[in-house]
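No lab work stands behind these numbers, since they all come straight from the coordinates. Given the structure is predicted, the values throughout are model-derived calculations rather than measurements. Don't worry about glycine lacking a Cβ; one is built from the backbone with ideal geometry, like all the others, and counts go over all protein chains shown.
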């Protein structure tokens, strides 16, 4: 089963899909968020310190944005009584994607999906 099809027969499948895509996107954002290294210059130590501080602020601002996005997604999950389940071993990811989409739902829905996938 393609991971883009895991929510198709469930209520509010569009919301589940959006949450799964957004969670995956925040992981990509986190992978890409690395503090830039300031170039050390022994002739301008304070210039180095200032640039290092600016780089750290930029890194932390992106980190804050990611945390706020995840907090919002977590609030939506809790509101609906859903959890995030890793189905990367059970589903086929989209071509060109590094990460698989997560299954968003209840434990019972997840168990049913596994029986559907495994034909049990």
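As I understand it, the value is the acute angle between the Cα axis of helix 13-32 and the longest principal axis of the Cα atoms of the chain; what does it come to in degrees, rounded to 10?
Result, in degrees: 30.
Using Cβ contacts closer than 10 Å as the measure, can you line up 102, 88 from fewest to most?
Ordered from fewest to most neighbouring Cβ atoms within 10 Å, 102, 88 come out as 88, 102.
Extending each Cα 7 Å along its Cβ direction at residue 79 and residue 22, get the distance between those two points in nm, one decimal.
It works out to 0.9 nm between the two label points.
State log₁₀ I(q)/I(0) for region 1-41 at q = 0.27 Å⁻¹ as given by the Debye formula over alpha-carbon point scatterers of equal weight, solvent excluded.
Scattering profile of region 1-41, log10 relative to I(0): -0.91.
Taking the number of other C-beta atoms within 10 Å as the exposure measure, put 100, 53 in order starting with the fewest. The partial results should precede the final answer.
Working: 100 19, 53 11.
Ascending Cβ contact count within 10 Å gives the list 53, 100.
Measure out, as a whole number of angstrom, how far apart the alpha-carbon centroids of region 1-37 and region 56-110 sit.
With region 1-37 and region 56-110 each reduced to a Cα centre, they are spaced 5 Å.
Restricting everything to alpha-carbon atoms, can you work out Rg to Rh for the chain with a Kirkwood hydrodynamic radius?
Across the chain, the Cα-based Rg/Rh ratio is 1.19.
Taking the Cα atoms of region 61-107 alone, what are Rg (to one decimal) and Dmax (as a whole number) in Å?
Here Rg and the maximum Cα pair distance are 13.0, 36 Å.
Full-extension gain between residue 56 and residue 32, please, as 0.36 nm times their residue separation minus the C-alpha to C-alpha distance.
Details: separation 24, 0.36 × 24 = 8.64 nm, distance 1.44 nm.
Once the chain is fully extended between residue 56 and residue 32, it gains 7.2 nm.
Helix-only mean residue ellipticity at 222 nm, the chain, DSSP H runs n ≥ 4 weighted -39,500 (n - 2.57), per residue, nearest 500. What is it?
After summing the helix terms and dividing by the residues of the chain, the value is -20000 deg cm²/dmol.
Between the helical axis of 45-80 and the dominant principal axis of the chain, each derived from Cα atoms, what acute angle in degrees is found, rounded to the nearest 10?
20 degrees
So how do 103, 31, 59 line up by other beta-carbon neighbours within 10 Å, fewest first?
By the 10 Å Cβ count, ascending, the order reads 31, 59, 103.
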